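Below is one structure, written out as structure tokens, with a few remarks after it.
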Amino acid sequence: MKKKLLALLLTALMLLGLTACGGSGDDSSADAGAPNTGAADGAATPAKDGADDAQASDESDAAYVTGKGTLVVGITDFEPMDYKNDAGEWIGFDADMAKAFAESLGAKAEFIEINWDNKIMELDTKAIDCVWNGMTLTDEVKASMGTSEPYCLNAQVVVLSADKVADYQSTDSLAGLSFAVEAGSAGKAEVEKLGLEFIEMETQAAALMEVASGASDACVIDSLMAGAMVGEGTSYPDLACGITLNAEEGEQYGVGFRKGSDLVDAFNAFWKAAYDDGTVLDTATTYGVQEAIIEK
């Protein structure tokens, strides 16, 4: 009798288990097309996560910046465009204009120093919202970012000890010199074109220090930076500007945003208005770059 009761009990338990499994499958199928809003711990289901991701990807960059209240600007220490004053605040032509642009979006500018060679990755991963640091509009930059209209002119210049400038007045004469260049910069591209010996530094400022210390014979940096930091009355009075490497083609600066970002149009509209009301030229005059500003 006991054996018969045990067999009946086991049969009932098996049927109960099958019913429970079948019910679970039916529930999953019914809920597959709808988000789960009843989770006790507040955790989203994978379906809800996917919907949130899609919504985030559809959000405009301008709305994203306004919503979080900050425009994160990727920069390097680059006088006269972005550098710190005695109080440790970021100032400079680009920095001041970035603050004004952020304000036009209902946000504040936040500056983050980046490795210049990683600027595209920093932008794509949303570690920053734009690259605004005297950035040359190279083919690589224009292919990888949404870029603004150009706002400033520039060139790449050789900087070396002031007592040696007269000895290096042609590109051929530069052979045999050791150069310091910023990684990923237009200066590096020019040195590579000439087949010159070089080492890569994290910033143009570091490249200048390398020459000032005697560790390298020369560096190639932006002419705007050289004008602000090299020669009598500057941070490097014993250094001087030599020849310009790309005088014929020249360069143009622009601001980089994520590919397809609506911040490109927002910037271009902001810049035109700021140029028309005198803000651009007033700020440029403050930092001594007014001759390089492109007329709008």
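Could you look at the range 66-151 and say what percent of its accessible area is carbon and sulfur, using a 1.4 Å probe and all protein chains?
Exposed carbon and sulfur together represent 43 percent of the surface.
Could you tell me how far the Cα centroid of the range 71-99 sits from the Cα centroid of the range 192-223, in Å?
22
Quick one: ranking I294, I199 by accessible area, 1.4 Å probe, largest first, what do you get? The partial results should precede the final answer.
Values: I294 35, I199 75 Å².
In descending accessible area the options line up as I199, I294.
Just check the range 224-296 against the gyration tensor rule for me: Cα atoms, a ≥ b ≥ c as the square roots of the eigenvalues, rounded for a/c under 1.5, and otherwise prolate or oblate depending on whether a/b exceeds b/c. Let's see the in-between values first.
Values: a/c = 2.51, a/b = 1.74, b/c = 1.45.
Taking the square roots of the gyration eigenvalues as a ≥ b ≥ c, the range 224-296 is prolate.
With a 10 Å radius around each residue's Cβ, average the other Cβ atoms per peptide and rank 209-221, 235-247, highest first.
Numbers: 209-221: 20.0, 235-247: 17.1.
Output ranking for 209-221, 235-247: 209-221, 235-247.
Reachable aspartates and glutamates from K188, Cα under 13 Å, same-chain residues fewer than 8 places away excluded?
Straight-distance partners of K188: D117, E197, E200, E202, D222.
The values are calculated or read from the model by the stated rules, or taken from the named source; none is laboratory data. This structure is a prediction, so every number in the text was calculated from the model and none was measured. No Cβ is skipped: glycine too gets one built from the backbone with ideal geometry, and neighbour counts run over all protein chains shown. Note: accessible area is taken over every heavy atom of the protein model, side chains too, but ligands, DNA and RNA are not part of it. Shrake-Rupley method; radii C 1.70, N 1.55, O 1.52, S 1.80 Å.
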